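The values are calculated or read from the model by the stated rules, or taken from the named source; none is laboratory data. On a predicted model such as this, the values are computed, not experimentally measured, just so you know. Cβ placement follows ideal geometry from the backbone for every residue including glycine, while neighbour counts extend to all protein chains displayed. These area figures cover heavy atoms from the full protein model, side chains too; ligands, DNA and RNA do not enter into them. Shrake-Rupley method; radii C 1.70, N 1.55, O 1.52, S 1.80 Å.
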Amino acid sequence: MKGTILVSGASIAGPALAYWLYRRGFAVTVVERAGAVRGGGYPIDVRGTAVEVVDRMGLLPRVRAAHVDSQRLTFLDPDGRPIATVDPEAATGGTHGRDVELRRGDLTGALYDAVRDDVEFVFGDSIASLTDHDHGVDVTFHSGAERTFDLVVGTDGLHSATRALTFGPEEQFHHYLGYCFAGFTMPNHLGLAHEGVMWNVPGRAGILYAAGEAPEVHGFLNFARTDPPFDAFRDPQAQRDLVAEVFAGYGWEIPRMVATMRTADDLFFDVVSQIRMPRWSSGRVALVGDAGYAPSFLSGQGSSTALVGAYVLAAELAAAPDHTSAFAAYEHGLRGFVELNQALAAGGGGLVAPRTAEDLERRNAALREPVGPTGDRIREAASAFSLPAVA
């Protein structure tokens, strides 16, 4: 089958899906709420099977050239004194010489450049309504434009509007993992280079991450919380107040980080959650990446599962006699891989922000031992899917 497909979202899954759909003969339109592809952003990982996806796109040399090459991750006590220094790839399950860590904007830019001349991109707009019928999907955009497509695919992230329009409110699929975080950039006061430092007290973490040798670093303030603060999602001031309250009175660089967070123009606040759905498609609408199966940043596999999912869905749509068969094959083939990688997040909070003093002490003791078993588990999950052949 061939036809017209609307892809909602132009971050990672969206452009990757557009690339493979166009290569297989589909006419693709990508709509993105932002005015352009977003640059910058904190570093992300491309691991295991996802590296092969990037390689098949011809982008691996460019992606490798943007490799951050973090050299150490130092864990600190409440006074800022070093507890242990580890190899970041050993701690996060990376494979030296194969897996890649790069800034999110470097990956999104490479994906966009690979397909920008072949498909239609509509920036500064988004889907307002979807009407699925026997012959296609009628789409009304917030701009007022109306168009009909054979299929629609949501690649619009954890808080996907496409998912909400098709499947209903997010809350029924949102599985909160017990943590919140605020991310922002700030001056590199400590002179960090190709490294990260992580400060902890029970249930709280302050992280400074230098993706290279730059005057700015990425700052993260992570904390455990029993209930997700849904009221703060649409209120930036409430987000800033909440984070400042949680981290009040602590030492090291925390006061400086909180002060920077208060005025940061790039503050990103969210909960640490997964999306778990019984189905990733309904009628002529399907979901890829975080929109359908976000594994959370504690897994380190969000970008990789998105890249693999985009490849698999495009391959199934090209091979199947109809979209119903294609969507079923996509889910049947990929769900085991997704669930294996979602399971990686189960112990993620224990590394980043142990909840109790006892948990923190156990984490610190483990840091002084080889990290091999945990790293092996992550590597196995990241490579647990074999890509179908290129059509």
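For the structure I just gave you, tell me whether Arg262 is open to solvent by 20 Å² or more (accessible area, probe 1.4 Å), part of a helix (DSSP H, G or I) and farther than 25 Å from Glu89 by Cα. Don't jump to the end; show me each part of the working.
On the way: open to solvent by 20 Å² or more (accessible area, probe 1.4 Å): yes; part of a helix (DSSP H, G or I): yes; farther than 25 Å from Glu89 by Cα: yes.
Yes, satisfied.
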query = Do the conditions hold for Pro295, that is, is it farther than 25 Å from Arg23 by Cα, open to solvent by 10 Å² or more (accessible area, probe 1.4 Å) and without any contact (Cβ under 8 Å) to a residue 60 or more places away in the chain?
reply = no
remark   = Screening Leu208, Leu177, Leu158 for residues that are assigned to a loop (DSSP other than H, G, I, E, B), hydrophobic (A, V, I, L, M, F, W, C) and in contact (Cβ under 8 Å) with a residue 24 or more places away in the chain leaves only Leu158
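Can you go through Val285, Val272 and tell me which one is open to solvent by less than 10 Å² (accessible area, probe 1.4 Å), out of contact with any Phe, Trp or Tyr (no Cβ under 7 Å at 6 or more places or on another chain) and either more than 15 Å from Glu339 (Cβ to Cβ) or not polar (S, T, N, Q) (or both)?
Val285
Conditions tested, residue by residue: (1) outside any loop (DSSP other than H, G, I, E, B); (2) open to solvent by less than 10 Å² (accessible area, probe 1.4 Å); (3) among the hydroxyl-bearing types (Ser, Thr, Tyr).
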site	(1), (2), (3)
Leu17	yes, yes, no
Tyr22	yes, no, yes
Val30	yes, yes, no
Ala34	no, no, no
Arg38	no, no, no
Gly41	no, no, no
Glu52	yes, no, no
Arg62	yes, no, no
His67	no, no, no
query = Can you tell which of Asp106, Asp118 is more than 22 Å from Ala286 (Cβ to Cβ), open to solvent by 20 Å² or more (accessible area, probe 1.4 Å) and of a type outside the set (Gly, Ala, Ser)?
reply = Asp106
ask   = Checking Trp20 against (1) over 22 Å from Leu313 (Cα atoms); (2) under 22 Å from the mean Cα position of the chain (by Cα), which test does it fail?
value = (1)
key: Of residues in segment 161-174 being within 13 Å of Ser282 (Cβ to Cβ) and either among the basic types (Lys, Arg) or not in a loop (DSSP other than H, G, I, E, B) (or both), the one most open to solvent (accessible area, probe 1.4 Å)   = Leu165
message = If I filter segment 299-334 down to residues being open to solvent by less than 30 Å² (accessible area, probe 1.4 Å) and part of a loop (DSSP other than H, G, I, E, B), which single residue comes out as farthest from Leu102 (Cα to Cα)?
response = Ala320
note = The condition of being of a type in the set (A, V, I, L, M) and closer than 25 Å to Val312 by Cα holds, among Val86, Val63, only for Val63
ask   = Within segment 231-254, can one find any residue that is hydroxyl-bearing (Ser, Thr, Tyr), in contact (Cβ under 8 Å) with a residue 24 or more places away in the chain and surrounded by fewer than 18 Cβ atoms within 10 Å (Cβ to Cβ)?
value = yes
message = Looking at segment 282-298 only, could you name the residues that are part of a strand (DSSP E or B) and more than 16 Å from Gly9 (Cβ to Cβ)?
response = Ser282
ask   = Are there any pairs, at least 6 apart or on different chains, whose C-beta atoms fall under 7 Å, with the first in segment 100-128 and part of a helix (DSSP H, G or I) and the second surrounded by fewer than 17 Cβ atoms within 10 Å (Cβ to Cβ) and among the charged types (D, E, K, R), and if so, which?
value = Gly105/Arg38; Thr108/Arg38
query = When the residues of segment 365-391 are filtered to those that are in contact with an Asp or Glu (Cβ under 8 Å, 6 or more places away or on another chain) and at pLDDT 85 or above, which remaining residue is most open to solvent (accessible area, probe 1.4 Å)?
reply = Leu387
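Residues checked against (1) modelled with pLDDT of 95 or more; (2) touching a Gly at 6+ places or on another chain (Cβ under 6 Å); (3) open to solvent by 50 Å² or more (accessible area, probe 1.4 Å):
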{"position": "Ala128", "(1), (2), (3)": "yes, no, no"}
{"position": "Gly136", "(1), (2), (3)": "yes, no, no"}
{"position": "Leu151", "(1), (2), (3)": "yes, no, no"}
{"position": "Asp156", "(1), (2), (3)": "yes, yes, no"}
{"position": "Cys180", "(1), (2), (3)": "no, no, no"}
{"position": "Ala211", "(1), (2), (3)": "no, no, no"}
{"position": "Phe220", "(1), (2), (3)": "yes, yes, no"}
{"position": "Asp227", "(1), (2), (3)": "no, no, yes"}
inquiry  = Condition first: of a type in the set (Gly, Ala, Ser) and touching a helix residue (DSSP H, G or I) at 6+ places or on another chain (Cβ under 6 Å). Can you find one or more residues in segment 147-157 that meet it?
reply    = yes
